[in-house]
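Below you will find the structure I want to go over with you.
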Amino acid sequence: MPYRAPISDYRFLFDHVVDLQKVTDTPRFSEATPDVVDAILTEAGKMSEEVLAPLQRSGDLHPARLENGVVRTSPGFAEGYRAIADGGWVAIAADPDHGGMGLPMAVTTAVNEMMSAACLSLQLNPLMTQGQIEALEHHASDALKALYLPKLITGEWSGTMNLTEPQAGSDVGALRTKAEPNGDGSYSITGQKIYISWGDNDFTGNICHLVLARLPGAAEGTKGISLFLVPKYLPDDSGAPGQANDLRVVSLEHKMGLHGSPTAVMEYSGATGWLIGPEHGGMKCMFTMMNNARLGVGGQGIGVAEGAYQHALAYATERRQGKTLVEGAGGAIVDHADVRRMLATMKAEIFAARAIALSCGVAIDMARATGAADWAARAALLTPITKAFGTDTGIAVSDMGVQVHGGMGFIEETGAAQFSRDVRVTAIYEGTNGIQSMDLVARKMMDGGEAAFGLLDEIEEAAEAAKARLPDLAMPVWNAAETLRECVEWLVTQGDMNARFAGAVPFLRAFARVLGGYYHLRAAVADPESARARLARFYILRLLPEHQSLLVHARAGAEDLYALTPGDLAA
Ligand SMILES: Cc1cc2nc3c(=O)[nH]c(=O)nc-3n(C[C@H](O)[C@H](O)[C@H](O)COP(=O)(O)OP(=O)(O)OC[C@H]3O[C@@H](n4cnc5c(N)ncnc54)[C@H](O)[C@@H]3O)c2cc1C
């Protein structure tokens, strides 16, 4: 089943749901006219359909390998990467001063989603580079920017992020990699990093590693971490890749999925690197890359969900099995009530997750274009929701895709299982979804809930406005927003952080549910007689009510949870 880029969905969302126009009305993004955005979506969609999608299976069947210390990538990946780079798709949001197109992040989010749907393991490579570009734009010296950014933006060189060590996963502050000043402005980096995505490849001229490490005498924990740019090859006087740096790939992981993406154990043995941002200020700089990647990884989940949905729908309209109870139905399994339920759920969830991701992109763009603190706070609030709900949707939808296929879903040749295996890690990397949820209930509520209340006001106003025309859809959305508001009010008064953490995951999911209701309502208002309105009805009447039980869970606190001891769990 070939992948079909959902261009008309992005257009609809941009025009009627997330209001891209307010972004393109700002001077900063005025060049992103509707024609330009259309052309970008069409071209990126075409490349994803024609070049990347055919590589998806090849990456799964022929994983990247380590041969004599060199990574050999899956067949066709070098050519696929070249198409991404030549098309300018590595970093369309990058600064035009260094060769980027300066397009809105909302548009980048749609482009990234299409590439992920087509071939997730290859798309992870430019996604890492994009995040690195943003970190360097904000925090690198002018000399480093001039040397590295043009090559990263064209895709001639690629980027990676190096946080994780065996004892430092979610607890990044436990990392031990060392950085010693060389006395000439450079540093010597020594240590081991694990799970490094695209730690090496055989198709870019250089690979630029952003590495977190500790300077001599640095404080314990995250306060003592600094960030370094460590290239595979040290640039010579002309800026071309020169002498090999003192780093190597020790091994590649054997994984559940995402086989085309080499996941490397990296050894830095006194490798030369350059400081990015201030000494001991590395976490703040790395957060620029991580926030970019969190939105991107949320988009990966949505992309895979779209691919899995298209496969399942095609199968369900072909496969005939048993008699359906619907008059006039053709007899394919799509006409069985349970299969229809699964497909409708998949489509409705994809719409919700995509709308949340694009709204997050819009908020980032508005913050950049206007410098307004409330847009920055909106973007910060939506980032963990986009990451966790987008990836949970990828997992749930691809799992349903397997179910729709019946036995054939478990057989690899349909490709349904690959979606499920590949997407699983997206809920783990870039900060597990548990960590995202804790970020939402703690750091993102340090404003006393102001950003959340602002968003809930917007939802309630929209529901009020829709009440006369679509009362059966508007009222449930208004009520859901109000129930969520009560939970936010409860949450921000909890001084015991573990009371918040105990319900963080259900809280994030409930927030996403309510946002999904809001965006579906906007779709129904824009086009009340359409398939989109019928999908909105399905979501609002059948999926949105889940927020109630989730919020009961979110407010239950930590006491009962800890009353259940490790001994009880083992009993
Ligand atoms: C395929 C793949 C690619 C990756 N790519 C990269 C990469 O490019 N660069 C990079 O630096 N890293 C990368 N990672 C590492 C990834 O980011 C980590 O695996 C992830 O952050 C979790 O860390 P961990 O594996 O040590 O799990 P742990 O931190 O040990 O977590 C185990 C469980 O405990 C939970 N947990 C841990 N701490 C807390 C807490 N304080 N409160 C509540 N729950 C907690 C977690 O949510 C999780 O459920 C990659 C991993 C994989 C598998």
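The values are calculated or read from the model by the stated rules, or taken from the named source; none is laboratory data. Because the structure is predicted, anything quoted here is derived from the model rather than measured. Note that we place each Cβ from the backbone using ideal geometry, even for glycine, and neighbour counts take in every protein chain shown. The area values use the complete protein model at the heavy-atom level, side chains included, leaving out ligands, DNA and RNA. Shrake-Rupley method; radii C 1.70, N 1.55, O 1.52, S 1.80 Å.
Could you report the chain's accessible area per residue, 1.4 Å probe, as an integer in Å²?
Values: 22650 Å² over 571 residues.
Ligands and nucleic acids excluded, the figure is 40 Å² per residue.
Rounded, prolate or oblate: pick one for segment 174-234, where a ≥ b ≥ c are the square roots of the eigenvalues of its C-alpha gyration tensor, a/c under 1.5 means rounded, and failing that, prolate if a/b is larger than b/c, else oblate. Mind dumping the intermediate values first?
Numbers: a/c = 3.02, a/b = 1.52, b/c = 1.99.
Verdict is oblate for segment 174-234.
While we're on this one: Using each residue's phi in segment 364-372, evaluate 6.51 cos²θ - 1.76 cosθ + 1.60 at θ = phi - 60° and report the 3J(HN,Hα) Karplus result to the nearest Hz, with x for Gly and Pro.
4, 4, 5, 5, 5, 6, 10, x, 6
Sticking with this structure for a sec: Could you order ARG421, ARG537 by accessible surface area, starting with the largest, using a probe radius of 1.4 Å? Intermediate results must be reported in sequence, preceding the final value.
Numbers: ARG421 45, ARG537 105 Å².
From most exposed to least exposed: ARG537, ARG421.
From the backbone phi of segment 405-418, what are the Karplus-calculated ³J(HN,Hα) couplings (6.51 cos²θ - 1.76 cosθ + 1.60, θ = phi - 60°) in whole Hz, Gly and Pro given as x?
6, x, x, 5, x, 8, 9, 4, 5, 6, x, 5, 5, 4
Taking a threshold of 31 Å on the Cα-Cα distance, which of the pairs LYS22/LYS347; LYS145/LYS223; LYS22/LYS223 fall above it? Can you show the working numbers first?
Numbers: LYS22/LYS347 27 Å; LYS145/LYS223 25 Å; LYS22/LYS223 38 Å.
Checking Cα-Cα distances, LYS22/LYS223 exceed 31 Å.
Please tell me the relative contact order of segment 42-196 in percent, rounded to the nearest whole number, where contacts are Cα pairs under 8 Å and at least six residues apart.
Details: 194 pairs, mean separation 29.9, N = 155.
About 19 percent, as a whole number.
Using the C-alpha gyration tensor of the chain, what are the square roots of 5 times its eigenvalues, in whole angstrom, with the largest one first?
On the way: eigenvalues 283, 156, 117 Å².
Values for the chain, descending: 38, 28, 24 Å.
Hey, another quick one. Using a 1.4 angstrom probe on the protein heavy atoms only, line up SER141, SER530 by accessible area, largest first. Before the final figure, lay out the partial values.
On the way: SER141 55, SER530 20 Å².
Highest to lowest solvent-accessible surface, that is SER141, SER530.
Going by a ≥ b ≥ c, the root eigenvalues of the Cα gyration tensor, does segment 203-262 fall in the rounded group (a/c under 1.5), the prolate group (a/b larger than b/c) or the oblate group? Intermediate results must be reported in sequence, preceding the final value.
Working: a/c = 2.67, a/b = 1.11, b/c = 2.41.
Because a/c hits 1.5 or more and a/b fails to exceed b/c, segment 203-262 counts as oblate.
Of ALA452, MET475, GLY434, which is farthest towards the positive pole of segment 420-480's charge dipole, taken about the Cα centre with +1 and -1 on the beta-carbons of Lys, Arg and Asp, Glu respectively?
Result: GLY434, furthest along the dipole toward the positive end.
Quick check: residue separation of THR483 and ARG82 times 0.36 nm, minus the Cα distance between them. What number comes out in nm? All intermediate terms of the calculation are to be shown ahead of the outcome.
Working: separation 401, 0.36 × 401 = 144.36 nm, distance 4.94 nm.
Stretched out fully, the THR483 to ARG82 stretch lengthens by 139.4 nm.
Taking a 1.4 Å probe, which of LYS232, LYS178, LYS223, LYS467 shows the most accessible area, and what order do the others take after it?
Details: LYS232 45, LYS178 115, LYS223 160, LYS467 75 Å².
My answer, sorted largest first, is LYS223, LYS178, LYS467, LYS232.
Another question, then. For segment 204-302, run through the GluC sites (Glu not before Pro) and keep only the ones in DSSP coil with at most 12 other Cβ atoms within 10 Å of their Cβ. Don't skip to the end; give the middle numbers.
Values: sites: GLU220, GLU253, GLU267, GLU279; in loops: GLU220, GLU253, GLU279.
The qualifying sites are GLU220.
Find the all-direction average of the projected area of the Cα convex hull for segment 238-298, expressing the result in square nanometres with one decimal place. Mind showing how you got there, number by number?
Working: hull surface 27.2 nm².
So the Cα hull casts an average projection of 6.8 nm².
Where a Cα-Cα gap under 20 Å defines reach, which aspartates and glutamates qualify for LYS151, not counting those fewer than 8 residues away within the same chain?
GLU79, ASP86, ASP95, ASP97, GLU134, GLU137, ASP142, ASP200, ASP202, ASP236, ASP237
What aspartates and glutamates sit close enough to LYS255 to cross-link, taking a C-alpha to C-alpha distance under 13 Å and skipping anything fewer than 8 places away on the same chain?
ASP60, ASP422
Turning to a different aspect of this structure: Calculated FRET efficiency, PHE453 and ALA558, Cβ-Cβ r, R0 22 Å, to nearest 0.05?
Numbers: r = 24 Å, r/R0 = 1.11.
That gives a FRET efficiency of 0.35.
For the residue pair ASP472 and ARG65, what label-to-label distance in nm results when each label sits 7 Å from Cα along the Cα-to-beta-carbon direction?
6.0 nm
Accessible area of ASP184, 1.4 Å probe, to the nearest 10 Å²?
Spelled out: ASP184, probe radius 1.4 Å, area about 120 Å².
Sticking with this structure for a sec: Probe radius 1.4 Å, ligands and nucleic acids ignored: give me the carbon and sulfur share of the accessible area of the chain as a rounded percent. Kindly include the intermediate steps, with their values, before the conclusion.
Values: 12150 of 22650 Å².
About 54 percent, which is the carbon plus sulfur part of the accessible surface.
Now for a separate question. Assign unit charges at the C-beta atoms only (+1 for Lys and Arg, -1 for Asp and Glu), then state the dipole size of the chain relative to its Cα centre in Debye, rounded to the nearest 20. Before the final figure, lay out each step's value.
Values: 47 positive and 67 negative charges, 191 e Å.
Computed charge dipole of the chain: roughly 920 debye.
Moving to a separate point now. For Cα pairs less than 8 Å apart in space and 6+ apart in sequence, what is the mean separation divided by the residue count of the chain, i.e. the relative contact order in percent? Provide the component values of the computation, followed by the final result.
Values: 1118 pairs, mean separation 74.5, N = 571.
Answer for the chain is 13 percent.
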